[in-house]
Amino acid sequence: MSSADVKERLDDITKPDQDERLYRHLLLRNELSVLLISDGNADKAAAAMDVAVGHASDPPELPGLAHFLEHMLFLGTEKYPDEGSYQQFLQEHGGSSNAFTAFEDTNFYFDVQHPHLQAALDRFAQFFLCPSFTESAAGRELKAVHSENEKNLQSDGWRLNQLYKWMASEAHPYHKFGTGNLHTLRDRPEGRAAVDVALDDSGEVGVHFGITCDGSGVSPIVGRRYKMIGEDYDLCEAVYKQLSADDAAKFELVPPPRADDPAAERARAAAGGVHHGITCDGSGVCPIVGRRFKMVGHDFDLCEEQFAQLDDDDRVKFELVAPPPPPPRVKVCITPDARPAVNVREALFAFHKQHYSANAMRLVVVGREDLDTLEAWVAPLFAQVANINRPKPVWSAAAYPDDAPRRSLAVVPVRDLRSLSVVWSMPSVQPLHRTKPHRYLSHLLGHESEGSLLSLLKSRNWVDSLVAGETHVASDFSLFEVKMDLSEEGDAAVAQIVPYIFQYISMLGQSGPAEWVYAECRDIGAMSFRFKEPEEPIDAACGLASSLQLYPPAEVLCAPYLFRAFDAPAISRLLALLTPERASVVHVSERHTAKADCREEWYGTAFACEPPSAEELAAWRGAAAEIDAALALPQPNPFIPTEFGLACDAASAAADNAAAD
């Protein structure tokens with residue numbers, strides 16, 4: 001069929017031998033990429049849209065904006081303004097929906113009963129055509145985002161993931177917090193006054209401490225203080241004067257404390273004039289005014305007036321307590337063209353317009369209808385999505401620069417976990433999907449046969465399981481990790497375990513890339529793809545929409561499985577990156593509770609951090625010279641099948657050939 005909305009059409013898509021589904025790829029006139037799947041046996045219809053933007057693109061002042069926008073797209077559009085109409089339609093017709101925001105992608109997906117696919121697609125398309133982002137919905141959905149973040153705070157997986165981000169360079173977006181919460185998306189942005197707070201040598205009287213213009217709660221407010229009615233948010237007078245009449249009406253002046261008010265005493269205490277402690281009457285509640293004298297070796301203070309009444313013998317039992325330094329005096333500098341706050345709703349529209357471009361979108365639709373019918377429904381509808389030819393974001397800084405110091409982290413878990421990870425950064429493995437050199441390394445480092453790293457560590461009763469491979473993959477970097485679940489004995493033997501990892505890596509380097517190992521990986525991958533079971537429609541749509549961002553359309557089904565060529569130099573290059581100098585070690589254990597002197601900013605994870613010691617580095621480097629005799633490459637596996645025809649068919653074909661001769 002022909003359509004003015006379709007630029008390119010491809011039906012030749014590599015699929016598993018047992019897959020009876022029909023596939024067609026379309027490139028629409030607006031550069032939106034579409035994969036259509038016709039499945040006459042599907043229980044439900046489904047669709048998914050993957051947009052190549054995630055929290056990596058969050059504005060610096062709005063961490064979590066991409067995730068917040070993901071939530072907001074479900075809550076009304078210009079064509080379907082009712083906030084609950086999309087979800088209600090799906091629920092009424094046996095469907096469901098969800099979405100997720102990743103580092104560089106946001107994925108939306110749904111399923112529905114087959115007769116209602118076309119109507120559901122029309123509602124779905126409006127997410128990308130004309131979202132509403134109403135103020136009423138924003139306030140409620142912000143609480144949902146905050147609740148989602150609160151739920152994750154006690155998850156060790158989320159906490160560890162954020163620590164890996166913390167280790168990344170602050171100049172790279174991977175370092176950022178991506179979920180968002182009330183503080184990053186409402187409390188701070190709505191109070192993000194365009195002011196600079198700096199020390200003022202001249203000083204002014206009247207310093208108040210509280211939640212300030214920048215939302216940090218640590219910068220002092222000079223002069224009169226204005227509080228937002230019903231909110232825990234303050235402005236200094238200089239910023240308040242810049243507000244419009246409508247915005248100023250949302251604030252009220254905070255009266256200064258009375259002289260006899262306990263708050264006044266606390267204010268004077270902050271200024272250095274009042275000290276609280278064990279007082280002359282022993283009550284511990286009366287303030288001591290003026291200079292303070294403390295009894296040597298005792299927790300007992302006197303004010304200056306009472307100290308003066310003591311005789312010389314008693315006076316020598318006390319010492320003068322130095323007053324605390326005065327609080328910093330500040331000045332507020334107003335940026336002339338600054339706005340008093342960020343408008344989050346405006347930021348949502350701007351983010352959608354800037355990043356939700358058709359050329360960054362990948363759509364997958366699964367239905368019982370034939371491919372021509374699906375195309376007739378999809379092409380004219382989604383060809384309306386605006387295409388601004390958004391370039392793929394490129395980050396100027398490295399996530400984990402080679403010259404950055406590597407760290408050893410001792411992490412305290414929430415649950416009773418014991419794990420050890422050795423982690424290396426490497427270039428992105430996304431472009432290597434045809435040769436997969438990283439999978440060669442993970443195949444050997446994660447092997448479980450005799451001679452493997454796991455076999456040796458299990459024989460010492462140190463580990464219960466071990467996995468190896470890429471754990472974080474982005475467009476410009478990847479993390480490669482060897483992770484072990486530790487036994488109680490292994491939890492106390494980390495210093496002995498890590499050198500064995502480097503011994504095995506050194507052994508791989510000495511033996512060099514072996515083509516027979518690659519052939520095993522290739523054959524296992526080919527067998528897995530050949531007999532791959534069809535996924536549920538919603539799972540297939542969601543996964544393939546993400547895959548379309550990474551692989552050519554003709555290979556979108558097979559690229560994660562098939563090995564196309566043996567690339568020994570690429571294997572050697574990646575192996576050469578797995579050095580002691582480039583490694584970070586992460587040990588998760590309750591045994592670190594006492595020494596964990598750091599708290600991660602967003603999840604409150606307790607941990608200790610220090611570079612590997614000289615002794616540790618020496619032990620790791622020396623591993624190459626002392627490879628344990630128990631470590632060895634696995635033996636070739638003769639039981640990996642490569643021929644899948646029936647024996648009787650082969651015999652019949654041979655007989656036919658003989659008869660023909």
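The values are calculated or read from the model by the stated rules, or taken from the named source; none is laboratory data. In this text, all values refer to a predicted model and were calculated from it rather than measured experimentally. FYI the Cβ positions are ideal-geometry reconstructions off the backbone, even for glycines, and counts take in every protein chain you see. Only protein heavy atoms, including side chains, enter the accessible area calculation; ligands, DNA and RNA are left aside. Shrake-Rupley method; radii C 1.70, N 1.55, O 1.52, S 1.80 Å.
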task: Being open to solvent by less than 10 Å² (accessible area, probe 1.4 Å) and over 35 Å from the mean Cα position of the chain (by Cα) is the filter here, so list the residues in segment 375-392 that pass it.
output: Glu375
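When only residues in segment 339-348 that are in a loop (DSSP other than H, G, I, E, B) and loosely packed, with under 14 Cβ neighbours inside 10 Å count, which is modelled with the lowest pLDDT?
Ranking the qualifying residues of segment 339-348, first place goes to Arg339.
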query: How many of the residues in segment 567-600 are in contact (Cβ under 8 Å) with a residue 12 or more places away in the chain, open to solvent by 20 Å² or more (accessible area, probe 1.4 Å) and hydrophobic (A, V, I, L, M, F, W, C)?
result: 4
message: Based on this model, can you work out whether Leu36 counts as more than 16 Å from Glu555 (Cβ to Cβ) and crowded, with 21+ Cβ neighbours inside 10 Å?
response: yes
message: Among the residues in segment 69-76, are any farther than 30 Å from Ser169 by Cβ, at pLDDT 95 or above and of a type in the set (D, E, K, R)?
response: no
query: Scanning for something open to solvent by 30 Å² or more (accessible area, probe 1.4 Å), within 20 Å of Asn637 (Cα to Cα) and in a helix (DSSP H, G or I), does segment 502-511 turn up at least one residue?
result: yes
Single residue of Lys458, Lys436 found to be open to solvent by 30 Å² or more (accessible area, probe 1.4 Å), among the basic types (Lys, Arg) and either modelled with pLDDT of 95 or more or closer than 22 Å to Ala576 by Cβ (or both): Lys458
message: So Thr471 passes all but one of these: (1) touching a strand residue (DSSP E or B) at 6+ places or on another chain (Cβ under 7 Å); (2) open to solvent by less than 60 Å² (accessible area, probe 1.4 Å); (3) of a type outside the set (D, E, K, R). Which condition number does it fail?
response: (2)
task: Evaluate the following for Ser97: is it in contact with a helix residue (DSSP H, G or I) (Cβ under 9 Å, 6 or more places away or on another chain), free of Cβ contacts under 8 Å to residues at least 24 places away in the same chain, on the phi < 0 side of the Ramachandran plot and open to solvent by 10 Å² or more (accessible area, probe 1.4 Å)?
output: yes
